[in-house]
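The values are calculated or read from the model by the stated rules, or taken from the named source; none is laboratory data. These numbers come from a predicted model, not from an experiment. Because the Cβ atoms are built from the backbone with ideal geometry, glycine has one as well, and the counts that use them run over all protein chains shown. Heavy atoms of the whole protein, side chains included, go into the accessibility calculation; ligands, DNA and RNA do not. Shrake-Rupley method; radii C 1.70, N 1.55, O 1.52, S 1.80 Å.
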Amino acid sequence: MIGDKKVIFSGMQPSGFMTLGNYLGALNNWKKLQYDYNCLYCIVDMHAITVRQDPAKFRKAGRDILMQYIASGLDPEKNIIYYQSHVPQHAELSWILNCFTYMGELSRMTQFKEKSQKHSDNINAGLFDYPVLMAADILLYQTDLVPVGEDQRQHLELTRDIAERFNSLYGDVFTIPEGYIGKVGARIMALQDPTKKMSKSDENKNNTIALMDDPKVIMNKFKKAITDSENEVHYDPENKPGVSNLLGIYSAVTGKTIEECEKEFANCGYGNFKTSVGEAVVANLEPIQKKFADLQNNKDYIESIIKKNTERASAIATKTLSKVRKKVGFVEKIR
Ligand code: AQP
């Protein structure tokens, strides 16, 4: 708890340009949480270097994501919005927690197995250790709740195990976090291959809608989206993954139920359907794109936000870390 509100921690990797999937699946929900919780929304750049990044593109993506957080409606006064690499306590706690985590536990992590297959030329120790850094992110802020999708559930379980192990040795140091089960955010699939999720790092840009894509580009990508040969708009993710994905997107951006959307597009050919989905997305993103452009022209404001929020995050992180250092028996620092 901070004050009288529970703490929520979540983050996003600047591993590419933020997509409609990131927006509808994560940010859109984060926005709703900011009124009822004390939220930390981190840009997890240290996690992102577990796969190779081009430094110039990575820096730009990192800068943009912070502005996109704000442009999408996250209030930087209410929430703590900051870069993981600006608060070195993440790395420090991560090292300490490494010494309380077993190789066997990390070897069982599904994401590690998947990512090592995908990046078989670069199976680095950071990739293996990713869940411990994530545990440090969460435990540093005495987080109560972590909004996690299915793919991160195993990492949260490990975080809880590490925290319980540490607490059983040293007393109540860490809050044991729980998964935040809220309204499930839409899971958005790749436009050209609707059986896999839309991802920032996808090399085929026709698979993704970037939050900052030009309206013409967005319309074109929707026109090219894969559907099927039935020419009938109804929701059936198993047999009609392309159409169902487009319906899911339309429902998420308009706030209409899937049933309402199905009715709206009954007897409407796929061409018109795709155009309507594209137009709804363009309309939804327009105010975000406008706000983003304003923020880009306001460097001083952005810098002040970064400075203030790093200090706010550091203050909490320092408190937890001092306690941890004392508990494990490190000699006190002389100030
Ligand atoms: N397609 C998606 N639909 C719904 N939600 C999504 N998220 C990501 N893709 C979709 C949610 O966005 C947040 C970002 O998490 P992340 O940046 O830590 O990593 P990720 O989930 O691996 O996102 P990407 O875009 O797929 O990145 P890359 O390409 O680097 O792997 C999470 O809350 C996630 O659920």
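Computed quantities for the displayed model
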{"quantity": "Once exposed loop GluC sites (Glu not before Pro) are cut out (DSSP; at most 13 other Cβ, 10 Å), longest piece of the chain", "calculated": "78-202"}
{"quantity": "Dipole in debye (nearest 20) - segment 293-335, about Cα centre, beta carbon charges: Lys, Arg +1; Asp, Glu -1", "calculated": "520"}
{"quantity": "Extended-chain gain in nm, criterion 0.36 nm per residue less alpha-carbon gap, residue 35 and residue 153", "calculated": "40.0 nm"}
{"quantity": "Over segment 138-219, relative contact order from alpha-carbon pairs under 8 Å, at least 6 apart, %", "calculated": "25"}
{"quantity": "Under 5 Å, built H, 5+ apart or other chain: amide partners of residue 81", "calculated": "41"}
{"quantity": "Ratio Rg/Rh, restricted to segment 1-100 and using Cα atoms, in which Rh is the Kirkwood radius", "calculated": "0.99"}
{"quantity": "Rounded tilt (10° steps) of 270-296 against the dominant C-alpha axis of the chain", "calculated": "40"}
{"quantity": "Expected-Rg normalisation [2.2 N^0.38 Å, Cα atoms] applied to segment 179-235", "calculated": "1.31"}
{"quantity": "Potential lengthening between residue 117 and residue 303 on full extension [0.36 nm per residue; Cα-Cα distance subtracted]", "calculated": "63.1 nm"}
{"quantity": "Nearest 10 degrees, 0 to 90: helix 299-328 Cα axis against the chain principal axis", "calculated": "40"}
{"quantity": "Relative contact order for segment 193-312, counting Cα pairs under 8 Å that sit 6 or more residues apart, in percent", "calculated": "24"}
{"quantity": "Descending principal axes extents, the chain, alpha-carbon based, whole Å", "calculated": "72, 46, 39"}
{"quantity": "DSSP-loop trypsin sites (Lys or Arg not before Pro) across segment 1-75, with at most 15 other Cβ within 10 angstrom", "calculated": "52"}
{"quantity": "For the chain: accessible area per residue (Å², 1.4 Å)", "calculated": "50"}
{"quantity": "Vicinal HN-Hα couplings computed from phi for segment 8-18 (Karplus, 6.51 cos²θ - 1.76 cosθ + 1.60; Hz; Gly/Pro x)", "calculated": "10, 10, 8, x, 9, 8, x, 8, x, 7, 4"}
{"quantity": "The chain, accessible surface, carbon-and-sulfur percent (1.4 angstrom probe)", "calculated": "51"}
{"quantity": "Charge sum, other residues only, whose C-beta stays under 13 Å from residue 243's C-beta, Lys/Arg counted +1 and Asp/Glu -1", "calculated": "-4"}
{"quantity": "Dimensions in Å of segment 21-179 - Rg and Dmax from alpha carbons", "calculated": "15.9, 44"}
{"quantity": "Long-range amide H partners of residue 11 with built H, under 5 Å", "calculated": "42"}
{"quantity": "Exposed-loop-free span, longest in the chain, where chymotrypsin sites (Phe, Trp or Tyr not before Pro) count as exposed if DSSP calls them loop and at most 13 other C-beta atoms lie within 10 Å", "calculated": "103-329"}
{"quantity": "For residue 142, distant residues with modelled amide H under 5 Å away", "calculated": "175"}
{"quantity": "Whole-number D in µm²/s for segment 231-272 (Stokes-Einstein; Kirkwood sum over Cα pairs; 20 °C, 1.002 mPa s)", "calculated": "212"}
{"quantity": "Hz values of 3J(HN,Hα) by residue in segment 59-68 - Karplus curve (6.51, -1.76, 1.60), Gly and Pro given as x", "calculated": "4, 5, 4, x, 4, 5, 4, 4, 5, 6"}
{"quantity": "Space enclosed by the convex hull of the alpha-carbon atoms of segment 73-153, per residue, Å³", "calculated": "139"}
{"quantity": "q = 0.15 Å⁻¹: log10 I(q)/I(0) that the Debye formula gives for segment 112-201, counting C-alpha atoms only", "calculated": "-0.73"}
{"quantity": "Positive minus negative residues near residue 173 (Lys, Arg vs Asp, Glu; Cβ under 13 Å)", "calculated": "+4"}
